[in-house]
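One structure is given below, encoded as C-alpha cells.
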Amino acid sequence: MTVGVCKPSDFDPSKKYPVLFYVYNEPASQTVLDRYDGFMGLYHKIIADKGFIVMSVDGRGTPAPKGREWRKSIYQKIGVISTEDQAGALQTLLNERPYMDATKVGVWGWSGGGSMTLNMMFRHPKSYHFGVSVAPVTDLRFYDSIYEERYMGLPQESPEAYKECSPVTYAANLEGNLFLIHGTGDDNVHFQNAEYLVNKLVAAGKQFRYMPYPNRSHGISEGKGTTMHLFNSMLNFFDEQLHKK
C-alpha cells in the first residue's frame, strides 16, 4: 500500500479528526505520487484546514512500481480487489492512528474514482459514512470497450464478472450520505451511468443528493461559473458532514 496524507495546519494528534479519502485506484493512474499535486492538492488543503484528515491510498492494479502480479491481480476483479484494499487500508490506519475518527469517514473521486466511491459506500456501508461521486462508471457494460475488455474480457463471455464488478449491483446497500454529480453531455462516461444508478437507488428507497450539470462533458468545466459551482458544492457538502452530530 502507498498512502498520502494532508493534515490541518493546526493539527493536534491528541484530537479526533474526520477522515476524507480521495480515491481513484484504477489501472490508468495513481493518486499517491512524489510530486506537486497542483489544483487538487490546494483543494485538499482547503478541506483539511476545515478540520479533516485528507488521505489517499493506491491499492493493487494501480501503475505503482510493484511488479507484474500487482498489476494483473485485478483482471475481471475491477472494483472488487481495489475495494478490499481500500477498506483494509482504512482499518489498518484506524488502528495505527488514534486521531482518525472511525465514526466520520468519507470518500470522494472522479470518473474511476467516482466508481470507487460508490464501491466503497455500497460494499462497505458501515465503514464509509459520506461520499461524493463525480462522473462515475456505475455499470461496466456502459464504458469504453477498449478499456473494459482489456481488464474484464468480453461481456458476453463473462456476464457474472461484469455484474460483480459494477457498483450499481450493490446500490441497495447504501447507508451513508451520497452526493452524485454528472454532466449530462459527458463524452467519456456517458450520462446513462448516472441515470441507471439513480433508478436503482430510487427503487431501493435510498435518499441521496444529485446534481446533473446540463450538457457538460466529463471534465464538467463548460459554462460560466461551472468549475467554481462544482467545487463549492462539494466543499459545502463536506462542511455539512463535518458538523453532523
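The values are calculated or read from the model by the stated rules, or taken from the named source; none is laboratory data. All values derive from a computational prediction rather than experimental measurement. For neighbour counting, all protein chains shown are included, and Cβ atoms are generated from backbone atoms with ideal geometry for every residue, glycine included.
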So, in the range 102-137, exactly how many residues are part of a strand (DSSP E or B) and either aliphatic (A, V, I, L, M) or under 10 Å from PHE21 (Cα atoms) (or both)? 9
So LEU235, is it among the aliphatic types (A, V, I, L, M) and within 14 Å of MET121 (Cβ to Cβ): no
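Which of the residues belonging to the range 212-233 are of a type in the set (A, V, I, L, M) and either buried (at least 18 other Cβ atoms within 10 Å of the Cβ) or at pLDDT below 95 (or both)? Don't jump to the end; show me each part of the working.
Initially, the range 212-233 is screened for residues of a type in the set (A, V, I, L, M), giving 220, 228, 230.
Within the range 212-233, ILE220, LEU230 meet the criteria.
To keep it simple, each residue is scored yes or no on (1) at pLDDT below 95; (2) closer than 19 Å to GLY4 by Cβ.
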| position | (1), (2) |
| --- | --- |
| TRP108 | no, yes |
| MET116 | no, yes |
| ASN119 | no, no |
| PHE130 | no, no |
| VAL137 | no, no |
| ARG141 | no, no |
| GLU149 | yes, no |
| GLU157 | no, no |
When the residues of the range 147-164 are narrowed to those that are assigned to a loop (DSSP other than H, G, I, E, B) and not charged (D, E, K, R), which ends up nearest to ALA28 (Cα to Cα)? GLY153
The one condition in (1) surrounded by 13 or more Cβ atoms within 10 Å (Cβ to Cβ); (2) without any contact (Cβ under 8 Å) to a residue 40 or more places away in the chain that ASP58 fails to fulfil: (2)
Per the filter on the range 111-142, residues more than 19 Å from GLN207 (Cα to Cα), of a type outside the set (A, V, I, L, M) and buried (at least 24 other Cβ atoms within 10 Å of the Cβ) are GLY112, GLY113
Out of the residues in the range 88-123 meeting the condition of being in contact with a Phe, Trp or Tyr (Cβ under 8 Å, 6 or more places away or on another chain) and of a type in the set (A, V, I, L, M), tell me which one is nearest to LYS15 (Cα to Cα). MET100
Does any residue of the range 57-72 turn out to be in contact with a helix residue (DSSP H, G or I) (Cβ under 8 Å, 6 or more places away or on another chain) and modelled with pLDDT of 85 or more? yes
